[in-house]
Amino acid sequence: MNMAKPRKNGKYLNVCIEQEIYDRLSSYCEVAGQPKTVAVERILRQFLDEFDRNPSGAVLQLPHNDAKEA
């Protein structure tokens, strides 16, 4: 009997990222042996946890050309 994986309680997030970042993420996921969704959730959770601990010290500094697109 094939048991389906329980559906995740989450929201979909569709983003367009730079090719270089995507390639790095893909390489990381291959080495770590985890899906991109898991990797992105862990990376975001780590950043947001740090932000919660120190809001003024964890602010992401964007280059001027990226700040316009954000």
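The values are calculated or read from the model by the stated rules, or taken from the named source; none is laboratory data. What you see is a predicted model, and the numbers here were worked out from it, not measured in a lab. In this analysis, Cβ positions are derived from the backbone assuming ideal geometry, glycine residues included, and neighbour counts consider all displayed protein chains. Keep in mind that these areas ignore ligands, DNA and RNA; they rest on the heavy atoms of the full protein, side chains included. Shrake-Rupley method; radii C 1.70, N 1.55, O 1.52, S 1.80 Å.
Conditions tested, residue by residue: (1) open to solvent by less than 100 Å² (accessible area, probe 1.4 Å); (2) assigned to a helix (DSSP H, G or I); (3) at pLDDT 95 or above.
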{"site": "Asn2", "(1), (2), (3)": "no, no, no"}
{"site": "Pro6", "(1), (2), (3)": "no, no, no"}
{"site": "Leu25", "(1), (2), (3)": "yes, yes, yes"}
{"site": "Glu30", "(1), (2), (3)": "no, yes, yes"}
{"site": "Val40", "(1), (2), (3)": "yes, yes, yes"}
{"site": "Asp52", "(1), (2), (3)": "no, yes, no"}
{"site": "Leu60", "(1), (2), (3)": "no, no, no"}
Contacts under 7 angstrom Cβ, first residue in the stretch 22-44 being in contact (Cβ under 8 Å) with a residue 12 or more places away in the chain, partner open to solvent by 80 Å² or more (accessible area, probe 1.4 Å), 6 or more apart: Leu25/Lys36; Ala39/Tyr28
